[in-house]
Structures are given as structure tokens and as C-alpha cells.
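Enquirer: Before anything else, here's the structure in question.
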Amino acid sequence: MTKTLRNWLIRLVVLLLIAAGAYAGWRYWQAANVKTLDERYQFEDIAKGDVTQTITANGTLNPVVLVNVGTQVSGTVRRLYADFNSTVKAGQILLELDPTLFQAAVEQSRGNVANASAALKLAQANEARIRELFVQEYVSKQDLDAAVQQREAAEAQLRTAKGQLARDEANVGYSVIRSPVSGIVVSRQVDIGQTVAASFQTPTLFQIAQDLTVMQINTNVAEADVGKIKVEQPVRFTVDAFPGRRFEGKVTQIRLSPIIQQNVVTYNVVVSVDNRDLKLMPGMTAYIYIDVDKREDALLVPSAALRFRPRDLPPEPKKATAPAASGEKKQRGGGARVYVARGDKLVPVTIQTGLSDGKMVEVTGGELKAGDRVATQNRVADSGGGAPAAGQQPRVRAF
């Protein structure tokens, strides 16, 4: 075989290989483009139903009245009469401090009172004698004034001593700590032998919940949502301790004081809870749900359809906007876009949306009707449903 013939054969083989590859690519492209819409996308049918807009938040369960029991005097704890979960009555003794120093101070003050009383008697007798002598002109007016001053000073000294005695006797009474309310002890922060100091601030010895059958949830709601909440509105909530159970309450107060953290403004919403079975405990985290609006028999579209963008469709060209004529108002806002199956094509449709519960969105306007099929996800090489294109974020808020 000559060299020239061999070169021609090599060229022929290369051409055949190129042709076979081109044919295989054409067949692959043809097979990919003859796929039906159901093979390329996942669809859901548009239907009518009910949708409820719900505000969610987290809060903490607390007793309605939680009393901190402290002490006005310092001392060492001698006896304890209450413990955690103890049921106490108003006026019941909770704790006794060692009264030795207080009783000693009382005895000392009583001695001071007796001494001041004796000094007053002497000053009064001296004043009486001086007055008699003054009448007989044996002493001067200055001597009489001095006697009166001594009597008045003795009276003042007696009042001071009696005040100190009353103070020391009160401290003896303060060494016995009594419950100011009837309730349940939820916290005890001292033990026998512990020294409590009340020099700078009143230390907390006990915390008493006045009534655990009625509790409240303190939760923070964003400023964008607080306007939809009303007093007496029903509330549903769950707690981690009872995952299969839903509890109920109602809004009792929307506090006006704002809470600002990292430039985020929230408001404290107080929810009243009936806890007659005492299942709920102070400090539990409550996950609350407040239904603020509802639509019945509304046309609903899955929220996934609002986020969907077809992966294999080319981007739409931007249209130049002509300036508005005189007297013509420029249309503001816009709707959300969904993709609907029309025959063998996927057609973009603009709709107006209303309430949302996170899964379904109310359709308030647009060319959608019950039975239409909207695309919610790409079936090929994209299981995430596609990300919204720039400028096409659906104007829907999920609660």
C-alpha cells in the first residue's frame, strides 16, 4: 500500500468518526428536546381552599404574679420553714435569722431609754426649783432659761432613745421572714448557716408564684406584625415538654414600650394561659401561633410555584419603557410570576397574591383558574425548584 493511499484511508476514517459523533449528538439533542413538559417539570393543580395567615413567635411562660421575698436586715440563717414547691399562706413564717445581735441591741436601747428618762426627771425637778427661786428673785432669768433648756434637751434625748428602741425591736421582727402572699415557692436561694447581707440591696431569699393555675407568656412580636394583633385574640401554642399537645390562650396586653436590639424593633405581647391542670411550668419556652386573617374558598397556588424559575428557558429580553404621557399615572408595584402549562408549552403568567400560610398563597388577580397546572420544580439536574431571578422576588410574606 502506497503512502498516499494510506493517508487517504486515515482521512476517511477520521471523517467517518466525526460524522458518527455529529449524528450521535444530533440524536441526543433531538431526544432531549422531545421530552414532554411532565418529564421536564413537576406540576401541581390549582384548586380552591381555605388559607389562614398566622403570626408565629417564641416566648417564655411565667406566673402572672411572681413575688421576690427578701430581707431588710443582715444575719445568719438559723431555721428554714419552706422549701421548693412548698405551698405557703400569707403571713406564714418562711425563715428565721439569728436574732442574738438584734435582741442585744434592743436591751441596749432599753437601757438608753431608762437613762434618758431619769435625766428628764432630774431636769424637770431642777427646772421646778429654779422657777421657785426665780419667783423669790434668788436667781436670774438666765438661770431659769438654762434650766428650761436642760429639760427640753432631756426630752429630746428621751425621744431619740425611744426611736432607737423602736428601730431595734422592728429589726428583731424583721429577723423572722414571712410570706407576703399565698402561693407556691418556686425558688429558694439560701440554706441554713448562710449569711445574708442587706447593706447595699435587698437580697432575694425566696420567689413565690401567687397562682400557677393562671400563667402568661411574654413574647416579642416584630413591628411589621404587631398591628395585626388585637387584645382578646385567641392564641395556640406548644411546648417542648408536650410535643403532641396544643395549648390555648388569648392576648391580654400589647405593651407600648418598644424593644430595640440591633436596630430591630419588637413589642412585648402578653398571652394569658389557663393552667388548671398545672402541666405548664415557669420558664418553659412556648411556640405561639396567632391567626390574624383567613380566606375561605380562595383560589390557591403553592408557594413553591412563586419561587420556581425554569432552568432550560432563555431569559426574557428587557423591554424599554416609554415615558408616561401627561396625566397618565405610572403603575407601581406588580405581581408575582408563575409558569403554567398551556398545551405543550410553559407560559409565564403574572398574578396578584394575598394571604399566605407558608405553603399556599391566595390568588387575588391574574389569569389563573382552578384546574390550571403550575410548575413547581425542575425535574432535570435541579431538585431545588430553581432560584428566583433578579427582580422577580414574589411579593408574598409567609408567616
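Enquirer: Write out, first by first residue and then by second, each pair whose Cβ atoms fall under 7 Å of each other, whose residues are 6+ apart or on separate chains, and whose first residue, in segment 187-205, is touching a residue at least 60 places away in the same chain (Cβ under 8 Å) and assigned by TED's automatic domain parsing to the domain that holds THR87 while the second is among the polar types (S, T, N, Q) and in a strand (DSSP E or B).
Expert: SER187/GLN207; GLY193/THR76; THR195/THR76; THR204/ASN68
Enquirer: Output the residue which, of all residues in segment 274-291 that are in a loop (DSSP other than H, G, I, E, B) and among the hydrophobic types (A, V, I, L, M, F, W, C), is surrounded by the most Cβ atoms within 10 Å (Cβ to Cβ).
Expert: Ranking the candidates gives LEU280 first.
Enquirer: While we're on this one: Please name all residue pairs, on different chains or six or more residues apart, with Cβ atoms under 7 Å, provided the first residue is in segment 69-94 and is touching a residue at least 24 places away in the same chain (Cβ under 8 Å) and the second residue is part of a strand (DSSP E or B) and among the aromatic types (Phe, Trp, Tyr).
Expert: Once the first residue is touching a residue at least 24 places away in the same chain (Cβ under 8 Å) and sits in segment 69-94, its partners that are part of a strand (DSSP E or B) and among the aromatic types (Phe, Trp, Tyr) give VAL69/PHE206; ALA82/PHE206; LEU94/PHE206.
Enquirer: Considering only residues that are in contact (Cβ under 8 Å) with a residue 12 or more places away in the chain and among the charged types (D, E, K, R), look in segment 246-273 and name the one that is surrounded by the fewest Cβ atoms within 10 Å (Cβ to Cβ).
Expert: In this case the residue turns out to be GLU248.
Enquirer: How many of the residues in segment 162-186 are surrounded by fewer than 19 Cβ atoms within 10 Å (Cβ to Cβ) and touching an Asp or Glu at 6+ places or on another chain (Cβ under 8 Å)?
Expert: Within segment 162-186, residues that are surrounded by fewer than 19 Cβ atoms within 10 Å (Cβ to Cβ) and touching an Asp or Glu at 6+ places or on another chain (Cβ under 8 Å) number 1.
Enquirer: When you scan segment 122-144, do you find a residue that is hydroxyl-bearing (Ser, Thr, Tyr), outside the structural domain of GLY70 (by TED's automatic domain parsing), assigned to a helix (DSSP H, G or I) and over 30 Å from ILE192 (Cα atoms), even just one?
Expert: No, every residue in segment 122-144 fails to be hydroxyl-bearing (Ser, Thr, Tyr), outside the structural domain of GLY70 (by TED's automatic domain parsing), assigned to a helix (DSSP H, G or I) and over 30 Å from ILE192 (Cα atoms).
Enquirer: Here is a follow-up. Here's a check for you: in segment 39-75, which residue that is more than 33 Å from the chain's Cα centre (by Cα) and in a strand (DSSP E or B) is surrounded by the fewest Cβ atoms within 10 Å (Cβ to Cβ)?
Expert: Looking at the filtered set, the residue picked out is ASP45.
The values are calculated or read from the model by the stated rules, or taken from the named source; none is laboratory data. Keep in mind that what you see is a predicted model, and the values were worked out from it rather than measured. With ideal geometry, Cβ positions are generated from the backbone for all residues, glycine too; neighbour counts draw on all protein chains shown.
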